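Undergrad: Take a look at this one; I'll ask things after.
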Amino acid sequence: MDIAKVIVDVPVRSTDRPFDYLIPDDLKLWIEVGSRVAVPFGHRTVQGFVISLESGEIGTMPGLKPVQEVLDLLPPLSPELIELAEWMSRRYACRRISALQAMLPTALKGKAERLISLGSAESDAAATEDELFPLFAEPDQEERSITEFVAKHGEVSMKQLTRTFPEAAETVKFMLRRGVLTESQSIKDKMGKKKLKTVELAISTEMARGLLESFPARSARQKELLQFLIEMEALLPLPLKEVLAVLQISAGTVKGLEEKGYIEIGEIEVYRDPYRGRDFKPSVPLPLTPEQSHVYAAIARTLEAQSHDVFLLHGVTGSGKTEIYLQSIQLCVDQGRQAVVLVPEIALTPQMVERFKGRFGSGVAVMHSRLSVGERYDEWRKIREGKATVAVGARSAVFAPFVNLGLIIVDEEHESSYKQEENPKYHARDVAVRRAEQGGAAVILGSATPSLESYHAARVQTDIHFSPVLLEMPSRALGNELPAVQVVDMRDELKEGNRSMFSRRLHAALAERLERGEQTVLLLNRRGFSTFVMCRSCGYVAGCPDCDISLTYHSRSDNLRCHYCGHAEPAPKVCPECASEHIRFFGTGTQRVEEELGKLFPGMRVIRMDVDTTTEKGSHEKLLNQFRDKKADVLLGTQMVAKGLDFPDVTLVGVITADSALNLPDFRAAEKTFQLLTQVAGRAGRHQLPGEVVIQSYTPEHYSIIHASGHDFHSFVREELKHRKSLHYPPYCRLILVTLSHEQLPVLLRLAENYALNLQGKARQLRWYGSLDKLSADALDMLGPVASPMPRLKGRYRFQCIIKWRGTIDAIGLARTVAEELEDSVRDKDLQISLDVDPQMLM
Ligand SMILES: Nc1ncnc2c1ncn2[C@@H]1O[C@H](COP(=O)(O)OP(=O)(O)OP(=O)(O)O)[C@@H](O)[C@H]1O
Ligand SMILES: [Zn+2]
Ligand SMILES: [Zn+2]
């Protein structure tokens, strides 16, 4: 192999293709497909990824530059992941480099660094002073110390040099020009490995014992250390820090013994383990219920054959899906293969981690955004170096660098957080299915409320997604009933004079729990229900001057903030339009509910869990532990409290407003409402005590609320699918959201119009264009251009087109080509076009 094809880390579209580099002889054994390398690009050194190797006649490739260095001992990506990235770039219309970068921990997102070393002739160790300073018999003292400094270190960074010689800028520049110093570039990672100093014997134990007898009396401390190391022989090398602490000796003592050559100070690499020192209650496989056995048998057949299948596991809340996951993983691990478990970020609670660590111990690597960059890097390395067999993590864990992956589990597969909203805009569930298909692994998509896309695909053979095997578990594992649900019409409450945010029913139920010492989970559905400021006299609403959305009130700082761009201003005391004092904060935040609870139930202990109380690392966990240990009566929160929690004493779940999200401009509003209500209702009565759920609503007749209260997934799906079909929404077609943005509105209008016309024209030529009402299998239709629901963001105007399509046509390729052609033809640097394939939000 002589040539490496490399995708370079340069963020412009024209470089989104492989570039050829020569592999120098000394790197031949080090470079593989998936290696991260430093390569020259223009005048810079950049990071890149080797996607293939080729042999070629070097003579026929004049001008090819060589690879500069290999950046890792083990290639961070496997050929399988390289292939997956290629697929992602087509599937999500993103650049290859952006797909590759998404697969790596932040710590490996290397940046070029300038390095200074001695000039070529001068770097020769035998160089005499005369050779070093040919033009000057007497180099001045400053030059001399710089040369010595650089020679001693071999290579120094610009930063090191400027710190050490802050005054010497002119001299260094002069030395560079003369060639005494030379400059190069290298890629430096954001995060190094963590090392620990260790100490051990440098001589045999026999010899050390012999030495003890004749040890000089004035070195008693050294003797003590030597003796200790002899005793601890079996445990060597020992961490230096611990030895110092145990013996109460100084580093000088150690140094002294080292200088005598009796002991050796070394270094070992350690992993920053976020769960170090924590005990996880070991758990053993439970005997499965008949429903579970049935489901497990189907999965086990596929695993035993080591073949690829996708299972959609639809099991009601508390049906014991997790036990199915655990036993399937066990089977996979017993075969010498590895498994990945994806969990939505907010459901990745300590309780969840405990269930996997408890069964598989230290073989579990955990990856989520609340870990530090270093911790995440180390968990990732544990996987890469074969020290972990199971990875549990949020979205990006789908890229865990296992080499023999046998199983991918996607828990709560309906969660929209599996879709990444920034580039690359991938959906982890779809990537999981693709990765498994590529590598012959099984996939389990689990949920109590599967997405309509997955469910429909399992029921009908659709051509738009994979076709999973449907497995259903309609009853709870512990044999108890799903909780009884009561829907309260809040309009009636108001009519009958109750102005509180709590209905009489919920109030009474809360009082009962307090009396019985049982616990309550209260959900405040905040989606589409922000705390905005409105004047009751004239209707003025405080909005962001840049984003055209209403500002949110923050009581802690008493100011108003824009959640999209961060704009902040003090909260007004009088209306800026009409000077009225009746300006009020509308909407209900968790804080207000907490205050209200305090008034209605003095002494009630409430834990509030929302973005404000969980910003600090570990706070989420602390709050949940407090609740589990019964240090509170009520757990009050946003979406965070709806998922995955399994607390035996929770017998009441209250939903303050069920329908606040129903009026959002989102075709999935009903689906999301149904899912949230079903999930949160599922937190009640999971163990011995029966559960009760109270849902408060202003539109109790809405089918998503009716069916959620009846735990009736199938009826909900039937009704929702009817709507989707008649309006042409997924799963009956696929969507591509095209957003164009520009600082100038008139320019944007023209460009958006252009985009739409070009797209329609091309689609017509290809005979794809037409209404989706027609019976043809391949069809494409387009809505827009219209102003985006967020028409202005960070000072830029935004317009969008929605492409609806079905069949085998390459609509994604078309949308991308038209975008690139428009960018090329107008050459307006301010124009941005972004494509979102299968969007979760039409914003
Ligand atoms: N075979 C079994 N025997 C005894 N207990 C079981 C069994 N399977 C599961 N359980 C218990 O049933 C309870 C519910 O199980 P689990 O939390 O796995 O359900 P789930 O389907 O993941 O629920 P959710 O979707 O609500 O998170 C847990 O307390 C679990 O320990
Ligand atoms: Zn006013
Ligand atoms: Zn704003």
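Undergrad: Rg (Å, one decimal) plus Dmax (Å, integer) for the alpha carbons of segment 287-359?
TA: Radius of gyration, then largest Cα-Cα span, for segment 287-359: 12.6, 34 Å.
Undergrad: So, one more: Which ³J(HN,Hα) values in Hz, rounded to whole numbers, follow from the phi angles of segment 488-497 under the Karplus curve 6.51 cos²θ - 1.76 cosθ + 1.60, where θ = phi - 60° and Gly and Pro get x?
TA: The phi angles translate into 9, 7, 5, 5, 5, 4, 5, 4, 8, x Hz.
Undergrad: If each of GLN765 and ILE230 carries a label point 7 Å out from its Cα toward its Cβ, how far apart are those two points in nm?
TA: 8.8 nm
Undergrad: Sticking with this one: In nm, to one decimal, how far is the GLU170 label point from the SER307 one, both placed 7 Å along Cα→Cβ?
TA: 8.0 nm
Undergrad: If you bin the C-alpha pair distances of segment 1-111 every 10 Å from 0, what whole percents do you get?
TA: 15, 50, 31, 4
Undergrad: Using a Förster radius of 22 Å, what is the FRET efficiency between VAL826 and LYS65 based on their Cβ-Cβ separation? Nearest 0.05, please.
TA: On the way: r = 33 Å, r/R0 = 1.52.
That pair, VAL826 with LYS65, gives E of 0.10.
Undergrad: I would also like to ask the following. Given a Förster distance of 45 angstrom, what is the FRET efficiency for ASP546 paired with LYS152, based on the Cβ-Cβ distance and rounded to 0.05?
TA: Numbers: r = 53 Å, r/R0 = 1.19.
That gives a FRET efficiency of 0.25.
Undergrad: Now a separate question. Contour minus end-to-end for SER214 and GLU354, with contour as 0.36 nm per residue of separation and end-to-end as the Cα-Cα distance? Intermediate results must be reported in sequence, preceding the final value.
TA: Values: separation 140, 0.36 × 140 = 50.40 nm, distance 5.39 nm.
Full extension of this stretch gives 45.0 nm more.
Undergrad: So how strong a dipole does segment 720-772 carry about its Cα centre when Lys and Arg Cβ are +1 and Asp and Glu Cβ are -1, to the nearest 20 debye? Could you put the intermediate results ahead of the total?
TA: Working: 8 positive and 3 negative charges, 76 e Å.
Approximately 360 debye in magnitude.
Undergrad: Using only the Cα atoms of segment 445-508, build the gyration tensor, take square roots of its eigenvalues as a ≥ b ≥ c, and label the shape rounded, prolate or oblate: rounded if a/c is under 1.5, else prolate if a/b is larger than b/c, else oblate. Display every interim value, and only then the final one.
TA: Details: a/c = 5.24, a/b = 2.17, b/c = 2.41.
It is oblate, given that a/c is not under 1.5 and a/b is not larger than b/c.
Undergrad: Which value, in Å², gives the accessible area per residue of the chain when a 1.4 Å probe is used on the protein heavy atoms? Provide the component values of the computation, followed by the final result.
TA: On the way: 38620 Å² over 843 residues.
With all protein chains present, the chain gives 46 Å² per residue.
Undergrad: With unit charges on the beta carbon (Lys/Arg positive, Asp/Glu negative), name the residue among GLN765, PRO18, SER825 whose Cα is farthest towards the positive pole of the charge dipole of the chain.
TA: Final value for the positive-end residue is GLN765.
Undergrad: Given bins 20 angstrom wide, list per bin the percent of all Cα-Cα distances in the chain, short to long.
TA: 12, 37, 34, 14, 2, 0
Undergrad: Can you grab the distance from the C-alpha centre of segment 348-424 to the C-alpha centre of segment 449-524, Å, no decimals?
TA: 29 Å
Undergrad: To continue, here is another question. For the cross-link pairs LYS152/LYS197; LYS195/LYS357; LYS159/LYS255; LYS672/LYS725, which exceed 28 Å when the distance is taken from alpha carbon to alpha carbon?
TA: Values: LYS152/LYS197 23 Å; LYS195/LYS357 25 Å; LYS159/LYS255 30 Å; LYS672/LYS725 18 Å.
Correct reply: LYS159/LYS255.
Undergrad: What is the distance in Å between the Cα centroid of segment 666-717 and that of segment 188-254?
TA: Segment 666-717 and segment 188-254 have Cα centres spaced 63 Å from each other.
Undergrad: Take the Cα radius of gyration of segment 335-452 and divide it by 2.2 N^0.38 Å, with N its residue count; two decimals is plenty. Don't skip to the answer; put the middle values down first.
TA: Working: Rg = 13.3 Å, N = 118, 2.2 N^0.38 = 13.5 Å.
Segment 335-452 yields a ratio of 0.99.
Undergrad: Moving on to the next point. Given Cα pairs under 8 Å that are at least 6 residues apart, what percent is the relative contact order of the chain? Let's see the in-between values first.
TA: On the way: 1520 pairs, mean separation 81.1, N = 843.
That works out to 10 percent.
Undergrad: Simple spin-label model, 7 Å along Cα-to-Cβ: LEU745 to VAL284 in nm?
TA: Each label point is offset 7 Å from its Cα along the Cβ direction, giving 7.2 nm.
Undergrad: Can you tell me how much longer the chain between GLU183 and GLU512 gets when fully stretched, taken as 0.36 nm per residue apart minus their C-alpha distance, in nm with one decimal?
TA: Gain on extension, GLU183 to GLU512, equals 110.9 nm.
Undergrad: Considering only protein heavy atoms and a probe of 1.4 Å, how much of the accessible area of the chain is carbon and sulfur, as a whole percent? Please report the intermediate quantities before stating the final value.
TA: Details: 20030 of 38620 Å².
Carbon and sulfur: 52 percent of the exposed surface of the chain.
Undergrad: Now, a different point. Straight-line reach from LYS5: which lysines fall under 19 Å, measuring Cα to Cα and dropping same-chain residues less than 8 apart?
TA: Reachable lysines: LYS28, LYS65.
Undergrad: Based on the Cβ-Cβ distance of CYS538 and ILE268, what FRET efficiency does E = 1/(1 + (r/R0)^6) give at R0 = 51 Å, to the nearest 0.05?
TA: Numbers: r = 70 Å, r/R0 = 1.37.
Calculated transfer efficiency: 0.15.
The values are calculated or read from the model by the stated rules, or taken from the named source; none is laboratory data. Quantities reported herein were computed from a predicted structural model and do not represent experimental measurements. Neighbour counts run over all protein chains shown; Cβ positions are idealised from the backbone, glycine included. The protein model used for the area step is the full one, side chains on, heavy atoms only, and it has no ligands, DNA or RNA in it. Shrake-Rupley method; radii C 1.70, N 1.55, O 1.52, S 1.80 Å.
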